[in-house]
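Colleague: Dropping a structure here in structure tokens format, bear with me for questions.
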Amino acid sequence: MALLPLYVFYILPRQTQISFELLVLFLLIPLLALVHILILNRLLKNSYQHNRLAYLSLTLFIAFSLILLARLVELTPLYFSLPYSVLLIATLLPLIAEATQIINRNQKNNSTLAIFIATEEEREQLATQIHDTVIQDAIFMKRKLEEKSELSKQEVILSYEELIYDLREVCAHIYPLQINSFGMKAALGQLFKKLEQNYSLVINAKYDSNLENLTLEMKNFIFRSIQELITNSYKHGQATIIKFDVKQIHDTLQITVTDNGRFKEPLLIEEGHLGLNLIRDKLALFGGKLSIMMSDETKVTMIIPLTRGVIA
């Protein structure tokens with residue numbers, strides 16, 4: 001295909017306005033293709049670190065070929081330029097497919113990395129919770145047994161009840177089963193009631209969108225995120241009144257937690273706030289984002305696109 005313009009417009013005895021220099025430039029296309037086969041193609045298959053260099057070289061190769069083609073189209077009749085353009089672009093399609101494959105691979109790698117980081121942070125959080133509750137209670141029970149030769153049946157039962165309660169708390173944090181049993185709104189109501197009792201809070205909830213239409217995975221994520229946000233408001237901002245608001249704006253679901261807390265430092269997620277980092281990373285996997293506004297009130301908003309992976 002690269003030799004065809006040179007053959008048609010220079011070797012054949014006919015008049016043409018096309019310069020010899022332009023036709024010779026088409027000879028670089030086979031040379032670049034040879035470099036691609038011998039070097040770039042191997043980099044793409046065998047070395048992850050050179051993907052960006054290979055992608056840049058591949059893009060320059062395609063751009064160079066298309067610029068030459070555009071210049072040739074300006075100087076040649078339509079009966080030649082149209083079919084030749086179609087044929088040359090067809091020969092470049094495998095290269096375009098390779099460039100697209102690199103982009104998709106990089107996006108997949110970034111998504112996989114985000115999933116890995118979010119999972120590791122969540123595992124660390126759960127391990128800390130189990131260590132600080134269930135394991136500490138079990139150690140305390142063991143010491144009591146070692147110190148006392150005899151324990152009443154009531155003391156043993158009470159200790160086991162405390163362990164069972166802690167285990168249920170951990171299980172509820174890992175996966176809130178009440179969502180399946182009672183529905184999302186009822187499960188949130190139970191959560192708010194429990195947080196109000198534990199932290200002496202007042203939580204006002206407003207629902208302008210139906211959360212029951214979401215997938216189970218999204219319900220679980222929202223439930224745990226809200227639990228984390230409210231706990232964060234109480235522990236770090238000493239909030240006493242919290243407003244919870246759910247509304248649908250066009251094709252997005254917006255969930256807002258507003259409190260009257262006073263944080264000593266701005267909530268900068270980049271500085272390593274584990275809970276907010278985890279919410280932000282998981283939101284990104286759903287195509288959403290986390291917004292934080294601080295003035296007289298602290299407002300944290302989760303914006304979730306209502307796509308196929310979100311709606312049941």
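The values are calculated or read from the model by the stated rules, or taken from the named source; none is laboratory data. Being a predicted model, the structure only gives us computed values, none of them experimental. Glycine gets a Cβ as well: all are built from the backbone with ideal geometry, and neighbour counts include every protein chain shown. Accessible surface areas use protein heavy atoms only, side chains included; no ligands, DNA or RNA. Shrake-Rupley method; radii C 1.70, N 1.55, O 1.52, S 1.80 Å.
Colleague: Between a residue in the range 180-195 that is over 17 Å from Ile241 (Cα atoms) and any residue that is loosely packed, with under 13 Cβ neighbours inside 10 Å, which pairs come within a Cβ distance under 7 Å, given they are 6 or more apart or on different chains?
Modeller: Once the first residue is over 17 Å from Ile241 (Cα atoms) and sits in the range 180-195, its partners that are loosely packed, with under 13 Cβ neighbours inside 10 Å give Gly183/Glu212; Met184/Glu212.
Colleague: I want to confirm something. Restricting to the range 281-306 and keeping residues that are over 19 Å from Ile249 (Cα atoms) and assigned to a loop (DSSP other than H, G, I, E, B), which single residue is modelled with the highest pLDDT?
Modeller: Filtering the range 281-306 for residues that are over 19 Å from Ile249 (Cα atoms) and assigned to a loop (DSSP other than H, G, I, E, B), the one modelled with the highest pLDDT comes out as Glu297.
Colleague: Restrict the check to the range 199-207 and report whether at least one residue is open to solvent by 60 Å² or more (accessible area, probe 1.4 Å) and among the charged types (D, E, K, R).
Modeller: Yes: one or more hits.
Colleague: Right, here's the next one. Go through the residues of the range 187-196 one by one and say whether even a single one is of a type in the set (Asp, Glu) and open to solvent by 70 Å² or more (accessible area, probe 1.4 Å). Let's see the steps before the verdict.
Modeller: Pass one, the range 187-196, residues of a type in the set (Asp, Glu): 196.
When the remaining residues are screened for being open to solvent by 70 Å² or more (accessible area, probe 1.4 Å), the result is none.
No.
Colleague: Working only within the range 189-233, note down all residues that are in contact with a Leu (Cβ under 8 Å, 6 or more places away or on another chain), over 18 Å from Gly288 (Cα atoms) and not polar (S, T, N, Q).
Modeller: Leu195, Leu201, Ile203, Ala205, Ile230
Colleague: Among the candidates Gln190, Gln248, Gln227, Gln154, single out the residue that is in a helix (DSSP H, G or I), more than 19 Å from Leu276 (Cα to Cα) and at pLDDT 85 or above.
Modeller: Testing whether each residue is in a helix (DSSP H, G or I), more than 19 Å from Leu276 (Cα to Cα) and at pLDDT 85 or above leaves just Gln190.
Colleague: Exactly one of these conditions fails for Glu169: (1) open to solvent by 70 Å² or more (accessible area, probe 1.4 Å); (2) within 30 Å of Gly261 (Cβ to Cβ). Give me its number.
Modeller: Failing condition for Glu169: (1).
Colleague: Let me ask you something else. Among the residues of the range 223-249, how many are buried (at least 21 other Cβ atoms within 10 Å of the Cβ) and of a type in the set (Val, Ile, Thr)?
Modeller: Number of matching residues: 4.
Colleague: If the Cβ limit is 8 Å and pairs must be 6+ apart or interchain, which residue in the range 49-67 that is under 15 Å from Thr100 (Cβ atoms) pairs with which residue that is open to solvent by 60 Å² or more (accessible area, probe 1.4 Å) and modelled with pLDDT under 85?
Modeller: Asn51/Arg105; Tyr55/Ile103; Phe61/Leu32; Ile62/Ile96
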